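To start, the structure itself, in structure tokens.
The values are calculated or read from the model by the stated rules, or taken from the named source; none is laboratory data. Please read these numbers as outputs of a predicted model, since none were measured by experiment. Cβ sites come from the backbone with ideal geometry, for glycine too, and all protein chains shown count toward neighbours. What goes into the accessible areas is simple: the full protein's heavy atoms, side chains included, and nothing from ligands, DNA or RNA. Shrake-Rupley method; radii C 1.70, N 1.55, O 1.52, S 1.80 Å.
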Amino acid sequence: KNEVEQSPQNLTAQEGEFITINCSYSVGISALHWLQQHPGGGIVSLFMLSSGKKKHGRLIATINIQEKHSSLHITASHPRDSAVYICATTGTASKLTFGTGTRLQVTL
Amino acid sequence: DAMVIQNPRYQVTQFGKPVTLSCSQTLNHNVMYWYQQKSSQAPKLLFHYYDKDFNNEADTPDNFQSRRPNTSFCFLDIRSPGLGDAAMYLCATSRDHGLSGYTFGSGTRLTVV
């Protein structure tokens with residue numbers, strides 16, 4: 001069974017700071033997803049990765065398949081980035097295995 | 001824009017009174033999923049449809065049922081809601097069991113009184 005762990009669990013940053021959220025998983029996967037959930041809201045899919053690196057605006061996601069590790073970076077963070085960021089993986093069963101989430105608060 | 005729409009956004013129901021939550025999609029995706037998410041917890045998969053094929057998770061209570069009358073719509077029926085069923089219910093779709101990613105709806109927050 002795949003275990004997905006995220007760190008940190010909670011993160012507070014000042015506006016403009018560079019943020020990194022880490023995700024590690026225990027077994028081989030077909031893809032890794034980074035998801036965003038604002039308080040009381042639905043989930044938005046940010047990235048799906050199976051190798052390498054992807055960039056969208058101020059967000060960058062990387063994955064190292066050999067080390068079973070992924071990172072989500074936010075450059076020039078803004079208060080509207082405040083949300084829970086969830087790492088999730090899909091494996092051979094094609095079901096999502098969710099991480100515990102990282103609660104990010106960006107202050108002015 | 002192609003999307004996944006959940007109605008209503010907020011639902012209040014009485015203890016034991018049947019309730020139905022709705023999900024519709026304009027993506028023409030094969031697979032539709034229902035997740036239950038309780039406060040500060042990860043979403044928990046209840047069941048999914050691949051086209052008309054229904055797949056129930058082993059630990060989903062019998063109180064939860066689902067219908068998918070056509071490609072676009074999927075319903076979650078809770079036959080006798082208990083206080084423990086209060087949660088956010090999330091609908092998601094994928095074209096091919098997630099190989100091309102997932103699209104989530106905004107969720108329905110269910111309150112049981």
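Listed values, structure above:
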| quantity | calculated |
| --- | --- |
| Positions within segment A:5-32 being without any contact (Cβ under 8 Å) to a residue 60 or more places away in the chain and under 22 Å from B:Y102 (Cβ atoms), in sequence order | A:N22, A:S24, A:S26, A:A31, A:L32 |
| Residue satisfying all of: in segment A:79-106; more than 26 Å from A:G28 (Cβ to Cβ) and open to solvent by 50 Å² or more (accessible area, probe 1.4 Å); farthest from the other protein chains (Cβ to nearest Cβ) among these | A:R80 |
| Residue within segment A:66-82 that is at pLDDT below 90 and charged (D, E, K, R) present | no |
| Some residue of segment B:78-90 being open to solvent by 70 Å² or more (accessible area, probe 1.4 Å), more than 11 Å from chain A (Cβ to nearest Cβ) and assigned to a loop (DSSP other than H, G, I, E, B) | yes |
| Among (1) at pLDDT 95 or above; (2) assigned to a loop (DSSP other than H, G, I, E, B); (3) under 18 Å from A:V44 (Cα atoms) - the single one B:Q41 does not satisfy | (1) |
| Selection count, segment A:40-78, where residues are away from chain B (no Cβ under 14 Å), touching a residue at least 12 places away in the same chain (Cβ under 8 Å) and of a type in the set (G, A, S) | 5 |
| Enumeration of residues in segment A:84-104 that are touching an Asp or Glu at 6+ places or on another chain (Cβ under 9 Å) and either hydroxyl-bearing (S, T, Y) or not in a loop (DSSP other than H, G, I, E, B) (or both) | A:C87, A:S94, A:T97, A:T100, A:L104 |
| Residues of segment A:10-35 classified as open to solvent by 30 Å² or more (accessible area, probe 1.4 Å) and either at pLDDT 95 or above or at the interface with chain B (Cβ under 10 Å from one of its Cβ atoms) (or both), total | 12 |
| Positions within segment B:51-69 being assigned to a loop (DSSP other than H, G, I, E, B) and out of contact with any strand residue (DSSP E or B) (no Cβ under 7 Å at 6 or more places or on another chain), in sequence order | B:D51, B:K52, B:A58, B:D59, B:P61, B:D62, B:P69 |
